[in-house]
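Colleague: The structure's right below; bear with me while I get my questions together.
The values are calculated or read from the model by the stated rules, or taken from the named source; none is laboratory data. All of these numbers come straight from a predicted model, not from anything done at the bench. Positions of Cβ are backbone-derived with ideal geometry, glycine not excepted, and every protein chain shown enters the neighbour counts.
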Amino acid sequence: MELFTVSVLGLLLTSAFIANAGEINSPACVYPAIYNFGDSNSDTGGIAAAFYPPVLPCGQTYFHRPVGRASDGRLIIDFIAGHLGLPYLSPYLDSIGSNYRHGANFATGGATIMRPNESWFDNGVSPFCLEIQVEHYTQFKEKTAYFYKAKNKSFKKMLPRPQDFSKALFIVDIGQNDVAAVLRKSSFELQSAALPNIASQFTAQVQNLYQRGARTFWIHNTGPIGCLPVATVKVQDPVPGYLDEHGCVMNQNEIAIEFNRLLKNEIVELRLKLTEARIIHVDMYRAKHELITNAKNQGFEDPFKICCGHHGIGYDVWCGNKANVNGSEVFAGSCANPSKVISWDGVHYSEAANRWIANHIVDGSFSDPPIPISRACQKA
């Protein structure tokens, strides 16, 4: 009996090894384009084009000027594009100097999964919720087909080929602002009750993209919002249990974890419905939490240090702005060495942190199933 059990176990392990080896040895996916949907964590200039652009020192590290990114340099989406050999994504809302041959970015800072005018939903930062971003994609795809039929050569050079849409990689990274809105509710019971609807709306838009021809999805869950310095800096003499052992606001992270749990369940069900889709779920919470809680071993300073901005109880001076704080004028400029800091402005990550996160997720280490992004298009 023991020999039989060992033999079966050995056969299963061997089969798994062969399956994994076949996947590793299979050719990498060739993505002609990336289409990204999200909030400021992946916005490469959409909200800046629609409203007001950021000012220096934003963009100082890599671009040496403000380019619509909430960071000193590149974002995770930039590093993903570079890893796949594709150019940085032009924002859909930016008509100046944009080239959409290899994709487009529909993300906008402040965006949410839910509509901002939902009766219970207290968030009005951006009018470009996920549903609107998917609608923008729909219009983009339809207009691309029109201009190709019109045989306009000048447009063709800047637009993706119609046959490439189904081969593209679709990245969705949104939810942080929804969690923040939920946290403004008065009780944990009300907060928890709001989450299932948000997760359901998320996957509803993934289904809409699928119906419009999308097949390969790389979906990020939301990060540890309770570890953002803008949250921890507001804490003064916390009661026991308010902060966890790492110094993060415990109840905020609990809400983020619950949302992520619901989202993962929705994705499992979605895989059964969308039979032609390849859906990779990336645990961004775990990746970001690992960086924050292991910051010094990864070459960073205090994980709660803010590089650009001044925040405290009762006041916020955002990066690049001036304000009067306790009778003194304060200018929120950059720290001396952003490459050693995880948080750029208290909410968003520095280029160095974004690089670290991107490097640790593209190989599939934080993915379900554990597939590298270069092979996300391959069916199991």
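Colleague: Taking residue 279 as meeting all but one of (1) outside any strand (DSSP E or B); (2) at pLDDT 95 or above, write down the number of the exception.
Modeller: Going through (1) outside any strand (DSSP E or B); (2) at pLDDT 95 or above one by one, residue 279 breaks only (1).
Colleague: (1) free of Cβ contacts under 8 Å to residues at least 12 places away in the same chain; (2) of a type outside the set (Ser, Thr, Tyr); (3) closer than 26 Å to residue 204 by Cβ: which one isn't true of residue 370, the others all being true?
Modeller: If we test residue 370 against (1) free of Cβ contacts under 8 Å to residues at least 12 places away in the same chain; (2) of a type outside the set (Ser, Thr, Tyr); (3) closer than 26 Å to residue 204 by Cβ, just (3) comes out false.
Colleague: Same structure, new question: Take the residues in the stretch 326-351 that are of a type in the set (S, T, N, Q) and part of a strand (DSSP E or B), then tell me which one is modelled with the lowest pLDDT.
Modeller: Of the residues in the stretch 326-351, the ones of a type in the set (S, T, N, Q) are 326, 328, 334, 337, 339, 343, 350.
Narrowing further to those that are part of a strand (DSSP E or B): 328, 343.
Working: 328: 90, 343: 98.
Selected residue: 328.
Colleague: So which of 137, 100 ends up being over 30 Å from residue 196 (Cα atoms) and over 17 Å from the mean Cα position of the chain (by Cα)? Break it down into steps so the answer makes sense when it comes.
Modeller: Details: 137 fails: over 30 Å from residue 196 (Cα atoms).
None of the other options fit; the residue is 100.
Colleague: Which of the following residues is in contact (Cβ under 8 Å) with a residue 40 or more places away in the chain and surrounded by fewer than 21 Cβ atoms within 10 Å (Cβ to Cβ): 170, 147, 165, 188?
Modeller: Values: 170 fails: surrounded by fewer than 21 Cβ atoms within 10 Å (Cβ to Cβ); 147 fails: in contact (Cβ under 8 Å) with a residue 40 or more places away in the chain; 165 fails: surrounded by fewer than 21 Cβ atoms within 10 Å (Cβ to Cβ).
The unique qualifying residue is 188.
Colleague: Now for a different question. Give me a count of the residues in the stretch 267-289 that are farther than 11 Å from residue 220 by Cα and among the acidic types (Asp, Glu).
Modeller: 2
Colleague: List the residue pairs whose Cβ atoms are under 7 Å apart, where the first residue sits in the stretch 19-36 and is over 12 Å from residue 104 (Cβ atoms), the second is among the polar types (S, T, N, Q) and modelled with pLDDT of 85 or more, and the two are 6 or more positions apart or on different chains.
Modeller: 23/378; 26/378; 28/374; 29/374; 29/378
Colleague: Does residue 169 qualify as being touching a helix residue (DSSP H, G or I) at 6+ places or on another chain (Cβ under 7 Å), closer than 24 Å to residue 87 by Cα and among the hydrophobic types (A, V, I, L, M, F, W, C)?
Modeller: On the way: touching a helix residue (DSSP H, G or I) at 6+ places or on another chain (Cβ under 7 Å): no; closer than 24 Å to residue 87 by Cα: yes; among the hydrophobic types (A, V, I, L, M, F, W, C): yes.
Against the criterion (touching a helix residue (DSSP H, G or I) at 6+ places or on another chain (Cβ under 7 Å), closer than 24 Å to residue 87 by Cα and among the hydrophobic types (A, V, I, L, M, F, W, C)), residue 169 does not qualify.
Yes or no, residue by residue, for (1) at pLDDT 95 or above; (2) surrounded by 15 or more Cβ atoms within 10 Å (Cβ to Cβ):
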position: 240; (1), (2): no, no
position: 263; (1), (2): yes, yes
position: 268; (1), (2): yes, no
position: 287; (1), (2): yes, yes
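Colleague: Of 186, 90, which residue is modelled with pLDDT of 90 or more and either of a type in the set (Gly, Ala, Ser) or out of contact with any Cys (no Cβ under 8 Å at 6 or more places or on another chain) (or both)?
Modeller: Values: 186 fails: modelled with pLDDT of 90 or more.
Every option except 90 fails the conditions.
Colleague: Residue 111 fails exactly one of the following numbered conditions: (1) at positive phi; (2) buried (at least 23 other Cβ atoms within 10 Å of the Cβ); (3) small (Gly, Ala, Ser). What is the number of that condition?
Modeller: The failed condition is (1).
Colleague: Another question, then. Going through 160, 57 one at a time, which residue ends up being out of contact with any helix residue (DSSP H, G or I) (no Cβ under 7 Å at 6 or more places or on another chain), in contact (Cβ under 8 Å) with a residue 60 or more places away in the chain and surrounded by 14 or more Cβ atoms within 10 Å (Cβ to Cβ)? Steps first, answer last, please.
Modeller: Working: 160 fails: out of contact with any helix residue (DSSP H, G or I) (no Cβ under 7 Å at 6 or more places or on another chain).
Exactly one residue qualifies, and that residue is 57.
Colleague: Something else about it: So which residues in the stretch 295-315 are part of a strand (DSSP E or B) and surrounded by fewer than 18 Cβ atoms within 10 Å (Cβ to Cβ)?
Modeller: Start the filter on the stretch 295-315 by keeping residues that are part of a strand (DSSP E or B), which leaves 306, 309-312, 315.
Within the stretch 295-315, 312, 315 meet the criteria.
Colleague: In the stretch 129-144, what residues are touching a residue at least 60 places away in the same chain (Cβ under 8 Å) and under 21 Å from residue 81 (Cβ atoms)?
Modeller: 130, 133, 134, 137, 141
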